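Reading through the structure tokens given below for one structure.
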Amino acid sequence: MKKPIITIFTILLIATITSCNCAKDTSETTNDIATTFVNGDLMTNISADPNGNALVYPSGEASITAQVKVWAPDFTSPWHYHPYQCVAHIIQGELTVNFDTTASLDDKSPNKSTNVTKTFKAGEVFIGTSNTWHYSQNLGSEDLIFTTSWLAEKDAPIVVLADKE
């Protein structure tokens with residue numbers, strides 16, 4: 001039986017908020033992250049990813065995976081896709097995602113073409129696009145720091161890589 005949409009969205013939101021240290025009092029803390037957290041909603045009533053695909057839920061037993069990623073300047077991921085959507089929060093820097101919205105998921109060759117590019121900046125939160133080949137980059141001059149919280153099927157992979165050249 002599927003859980004109500006609000007329950008699963010609430011779980012994703014809680015996982016995203018708890019994956020960053022937003023609740024910590026930073027008034028006496030110094031660090032290299034130039035981001036100041038303020039109380040408020042990160043997302044409200046979002047039902048589609050940045051490419052307009054509707055929010056979907058896994059079948060089977062659900063599980064949550066929360067991650068923190070730190071990518072140095074000039075980092076580029078390989079072509080890949082995610083079978084599930086995530087909630088992503090950019091803490092520092094900019095994330096550039098290059099999509100091939102026409103390639104079949106069965107085509108695991110690395111020979112793909114970018115036809116849509118999206119850039120997300122510090123403070124932005126978005127739903128990561130599922131089932132679309134893409135590669136991601138840090139094109140900035142500082143480390144990119146972001147969190148992802150995946151609602152996926154238990155024991156299923158959250159990423160599928162293209163074959164190596």
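A few points about this structure:
- Condition met for V70 (closer than 19 Å to W150 by Cα, touching a His at 6+ places or on another chain (Cβ under 6 Å) and either buried (at least 16 other Cβ atoms within 10 Å of the Cβ) or not basic (K, R) (or both)): no
- Residue match in the range 58-71 (condition: under 18 Å from the mean Cα position of the chain (by Cα), at pLDDT 70 or above and not in a strand (DSSP E or B)): yes
- Residue selected from the range 107-156 under the condition in a loop (DSSP other than H, G, I, E, B) and acidic (D, E), by the criterion nearest to the chain's Cα centre (by Cα): E124
- Failed condition for S19, given (1) modelled with pLDDT of 55 or more; (2) in contact with a His (Cβ under 9 Å, 6 or more places away or on another chain): (1)
- Test: residue in the range 70-84 that is among the charged types (D, E, K, R) and closer than 30 Å to G40 by Cα: no
- Scan the range 25-55 for residues that are modelled with pLDDT of 60 or more and either in contact with a strand residue (DSSP E or B) (Cβ under 6 Å, 6 or more places away or on another chain) or aliphatic (A, V, I, L, M) (or both) and the total you get is 9.
- Hey, L105 closer than 17 Å to W133 by Cβ, surrounded by fewer than 14 Cβ atoms within 10 Å (Cβ to Cβ) and of a type outside the set (F, W, Y) or not: yes
- Candidates S59, S104, S109, S130 - the one that is free of Cβ contacts under 8 Å to residues at least 12 places away in the same chain and among the polar types (S, T, N, Q): S104
- Checking each residue in the range 127-139 for being surrounded by fewer than 19 Cβ atoms within 10 Å (Cβ to Cβ) and either under 20 Å from L42 (Cα atoms) or out of contact with any Phe, Trp or Tyr (no Cβ under 7 Å at 6 or more places or on another chain) (or both) picks out only L139.
The values are calculated or read from the model by the stated rules, or taken from the named source; none is laboratory data. Predicted model only: the values in this text are computed from it and were never measured. Quick reminder, even Gly has a Cβ in these numbers, built from the backbone with ideal geometry, and neighbours come from all protein chains shown.
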